[in-house]
Amino acid sequence: MTDFEIIFNLSSDNLTYKHMEQKKFDFTSFIGMILLGAIILWWMNSNQPEVIEEANANTEQRIDSTNTTDTSFSTTTLNPVEKDSIQNIALQNQLGAFAYSAINGQEGTTIIENDLLKLIISNRGGQIVKAELKNFQTYDSLPMYLVNDQNASFNINFGTTDNRILNTKDLFFSPEFTKNGENQILSMKLKVSEAQYLEYRYEMKPNDYMVDFALRSQGLSNVFNTSNTINLTWDLDAFRSEKSRYTENMYSCLNFKTDREVEDITATDTENVPSLNWVAYKQHFFSSVLMTENKPFENGTVSSVDQKDKEIDSLFTKSYAFKTTLELSSGELNYELKWYYGPNDYDLLSKYKGTNLKELVDLGWGIFGTINRWIFVPIFDLLSGFIGNFGLVIILMTIVVRILMSPLVYKSYVSSAKMKVIRPELNELNKKYSGKDNAMKRQQETMAIQRKAGVSMMSGCIPALLQMPIFFALFRFFPSNITLRGESFLWANDLSSYDTVFNLPFEIPFYGNHVSLFPILASIAIFFYMKMNQSQQMNMQAPTQEGMPDMSKMMKWMIYFSPLMMLLFFNNYAASLSLYYFISNLLTIAIMLVIKNYVIDEKKIIAQIEENKKRPEKKKSKFRQRLDDAMKQAQEQQARQKK
C-alpha cells in the first residue's frame, strides 16, 4: 500500500468517525424534542376544559347582551344564579315595571264552578279559557262549551311611563282563591310589586250563570302612561252547537245595550257606539255577555263577521269582536263588571232586573213581541208546568189558541153567508150599471145594498187580519224557545230543529238535503183548508167589475202555491213550528165544518137581512157622508166629461 493510499484511508476513517459523531447528536436532540412536545401536549390537554368553559361563558354573555328577548342559550351552561340574573335583566328590558309579574309568575289554571257553570281561568292573561254549561250538550251530545280551545280572547292594552306598550293576555297573573260563604272568589293579580297590581276579581255564586267581575288597579297611577289610551278588547268565535248550522247562524247575532235600547247586528257589519252598557255574543240558544255596572263603556266598537258559506260544515258560525277605551279615575282603573255565560231562557233572563237581558230572546218586535210576552209565554209555562211531553204541550197550546180565535172564524163565516145571500142582487146591479162609464154609480149602489142588508166587506176581512199577528208571533216564539231544545216527540228528536225521516244524497235548492215529515203534513193540511175556504172567500168578494182583475183566478193559484211555499220554507225550520201549523190547520178545518153544518142557519140569515132592509136607514157618519159626497162629485164630473 502506498503512502497516498494510507493517507487517504486515514482521512476516510476520520471523516467517517466525524460523520458518525454528528449523526448521533441529531438523534438525541430529536428524542429530546419529542419528549418535550409530549410534555407540552399533556399539560395543554389537562387544562383544556377550563379554557372551553370560560370561552363558552363569554360567548353566552355576548348573545344575551345583543338579544335580550331570548335567554334560551344561557340555560345550558350558566349556573342558576347567573341564569336567573340574565333572565331578569332581559325581562326588565322587555316589560319594565311589570317584569316582576313575569319573574314570579308561572303557567297554570284555576277552576271555579257551581252546579250550572264551570269556568277555567288561566294565569297567562288572567282570562277565561274554558266556559262549560253543565246542564246542556251540543246537538251531537258533546259538552256544551262557549269558550274552549282558544276561541276567545280578553285583553287590556296599555302604555307605561317607561315607554312600553303591553298586553295583559301575554303577562302572568298570580291567582288567589278564597271563599265568602258559598261564593267562590278568585283574585288574579298582575303585579308590579306586592303593593302595586292590576286585579281581575271573579266571584261566582251558587246556581247562577252570572259571575261578578271587578277590574281594578292599585298603586299604578305612576305606571300607566296617560298619554296612551287604555283599550279593552274581547273577541270570540262562536261554536256551532245546533243541528242546522244555517238556522243557528240565522238566529245568532251580536246584541248591545245603549242608554236607550237594545240593538243588534245580524250580518257582517261594524258599528261605533259612543256609550253602551253590555255586549252579548248570541249563539241562537246561548249567549256570552260582558256588562258594566258602575259606568258605561265609552267609544265602543262592535263587529260581527258572518260565516256565509253554509256548504262548509264549519266549527264556527260567527266571529264577534268588541273594543272600548277604559277611563282612569285618579290614575287608577275601577270597573265593576259581570260575565254571563248561559242559556237564552226568557224566564231566567227576566230575573236580572234592570238589565234588559231578556231581549236576547227574540220574541219579535212591536205587537208580535207583546203577544208572545203576555199571552204565549204564560200559556206555555202554565201547560208545561204539569205536562212533561212538550209535543203534547204544543198540541194543547194550539187548541187553546184556536178556541180563543174561534169567535173571529165565526164572524168571518157569518159575513160570508150574508154576502152569499145578497150576491144575486149584486149580480143584477152589475148588469144594470155595466161599463166603465157607470163604475162610480155601480160602486155607490153596491155600498147602498150592503148597508141596507147590514153587510160589510170589512167584517170578513178584519177577522182574517186579526189572526195575522198570531201567525207571525208564533213564528218567532217556537224557534226561540230553548225549553224545546233536545225535546223529542214522535219521530222528531229535537223540537227546536227540523225533523228528519230521510236524508238525501244531494241538496235541492231552497229545500235542503233532507226530508222533514211535519212540514209535509202541514202543507197537506193547509191545502185542504184553503180548498174548503175557497167558497167562503168567493162569497166575500163582490162580483168582478169591468176593468178590474178577476181575483177568483188568483185564489185558485194560491191554493197550490201556498202549500208548496210552506213545504220548501219550513223544511229547515223547527219541528215545533211545523207541528203547530199542522195541528192549527186541522183544528181550523174542524171548526169550519162545525160552524157551517151546525151553527150557521142560512134561513135565519136571509130573514135577518130582509128585516134589516125594512128598517129605516141609520144616520150616516161623517166619514160615510164625506165618502158619498166624494163619489157623487166624481160621478157628476164623469157625466160632464161625456157631454
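The values are calculated or read from the model by the stated rules, or taken from the named source; none is laboratory data. Predicted model only: the values in this text are computed from it and were never measured. Counting neighbours? That spans all protein chains shown, and the Cβs are built from the backbone with ideal geometry, glycine included. What goes into the accessible areas is simple: the full protein's heavy atoms, side chains included, and nothing from ligands, DNA or RNA. Shrake-Rupley method; radii C 1.70, N 1.55, O 1.52, S 1.80 Å.
Here is the link list: LYS189/LYS338; LYS169/LYS351; LYS130/LYS243; LYS243/LYS323; LYS351/LYS411. Which ones come out longer than 29 Å on Cα distance?
Pairs exceeding the cut-off: LYS169/LYS351; LYS243/LYS323; LYS351/LYS411.
For the pair ASP115 and LEU504, how long in nm is the line joining their label points, each one 7 Å along Cα→Cβ?
4.6
Among rounded, prolate and oblate, which fits the range 313-355 when a ≥ b ≥ c are the square roots of the eigenvalues of its C-alpha gyration tensor, a/c under 1.5 means rounded, and a/b larger than b/c means prolate?
Oblate, since a/c reaches 1.5 and b/c is not below a/b.
Report the GluC sites (Glu not before Pro) located in the range 181-219 that are in a DSSP loop and have at most 12 other Cβ atoms inside 10 Å of their Cβ, or state none.
GLU182, GLU194
Rounded to the nearest whole Å², what accessible area per residue is found for the range 115-235 with the 1.4 Å probe?
Details: 5120 Å² over 121 residues.
Accessible area per residue, the range 115-235: 42 Å².
How much accessible area per residue does the range 355-420 have, counting only protein heavy atoms and a probe of 1.4 Å, in square angstrom?
So the range 355-420 comes to 47 Å² accessible per residue, rounded to a whole number.
On full extension of the chain, what length is gained from ASN180 through ASP264, given 0.36 nm per residue of separation minus the C-alpha to C-alpha distance?
Length gained between ASN180 and ASP264: 26.5 nm.
Work out, step by step, the length gained on full extension between ALA590 and THR325: first 0.36 nm times the residue separation, then minus their alpha carbon distance; give nm to one decimal.
On the way: separation 265, 0.36 × 265 = 95.40 nm, distance 6.18 nm.
Extra length available between ALA590 and THR325 comes to 89.2 nm.
On a full-extension model of 0.36 nm per residue, what is the gain between THR233 and GLU293, subtracting their alpha-carbon distance, rounded to one decimal in nm?
Fully extending the segment from THR233 to GLU293 adds 19.8 nm.
Please give me, ordered by residue number, the chymotrypsin sites (Phe, Trp or Tyr not before Pro) of the range 504-535 that lie in loop per DSSP and have at most 12 other Cβ atoms within 10 Å.
PHE510
Please state the equivalent ellipsoid semi-axes for the range 343-404: what are the square roots of 5 times the Cα gyration tensor eigenvalues, largest first, in whole Å?
23, 15, 9
In terms of the Cα gyration tensor, with a ≥ b ≥ c the square roots of its eigenvalues, is the range 87-205 rounded because a/c is under 1.5, prolate because a/b exceeds b/c, or oblate?
prolate
From the phi angles alone, apply the Karplus equation (6.51, -1.76, 1.60; θ = phi - 60°) to the range 183-192 and give each ³J(HN,Hα) in whole Hz, x where the residue is Gly or Pro.
For the range 183-192, the Karplus-derived couplings read 7, 9, 10, 10, 9, 10, 10, 9, 9, 9 Hz, x marking Gly and Pro.
Which three extents, in angstrom, do the Cα atoms of the range 211-335 have along their principal axes, listed largest first?
54, 29, 27
Collect residues whose amide H, placed 1.01 Å from N in the peptide plane, falls under 5 Å from the amide H of SER174; neighbours closer than 5 in sequence don't count.
So SER174 has HN proximity to LYS189, LEU190, LYS191.
Leaving out ligands, DNA and RNA, what percent of the accessible area of the range 287-388 is carbon and sulfur, probe 1.4 Å?
Reported share for carbon and sulfur atoms: 55 percent.
Report, to the nearest whole %, how much of the accessible area of the range 192-231 belongs to carbon and sulfur atoms, 1.4 Å probe, protein only.
About 41 percent, which is the carbon plus sulfur part of the accessible surface.
From the backbone phi of the range 100-111, what are the Karplus-calculated ³J(HN,Hα) couplings (6.51 cos²θ - 1.76 cosθ + 1.60, θ = phi - 60°) in whole Hz, Gly and Pro given as x?
4, 5, 6, 5, 9, x, 7, 5, x, 9, 10, 9
Distance check, please: which entries in LYS118/LYS191; LYS556/LYS604; LYS118/LYS282 exceed 22 angstrom between their Cα atoms?
Violating the 22 Å Cα-Cα cut-off are LYS118/LYS191; LYS556/LYS604.
Rounded to a whole number of µm²/s, how large is the Stokes-Einstein D of the range 383-422 at 20 °C and 1.002 mPa s, given Rh as the Kirkwood radius over C-alpha pairs?
178
By the gyration tensor of its Cα atoms, with a ≥ b ≥ c the square roots of the eigenvalues, what is the shape of the range 310-386: rounded for a/c under 1.5, prolate for a/b over b/c, or oblate?
Oblate, since a/c reaches 1.5 and b/c is not below a/b.
For the range 113-204, what is the charge dipole size about the Cα centre, in debye to the nearest 20, if Lys and Arg each add +1 at the Cβ and Asp and Glu each add -1 at the Cβ?
That gives a dipole near 200 debye.
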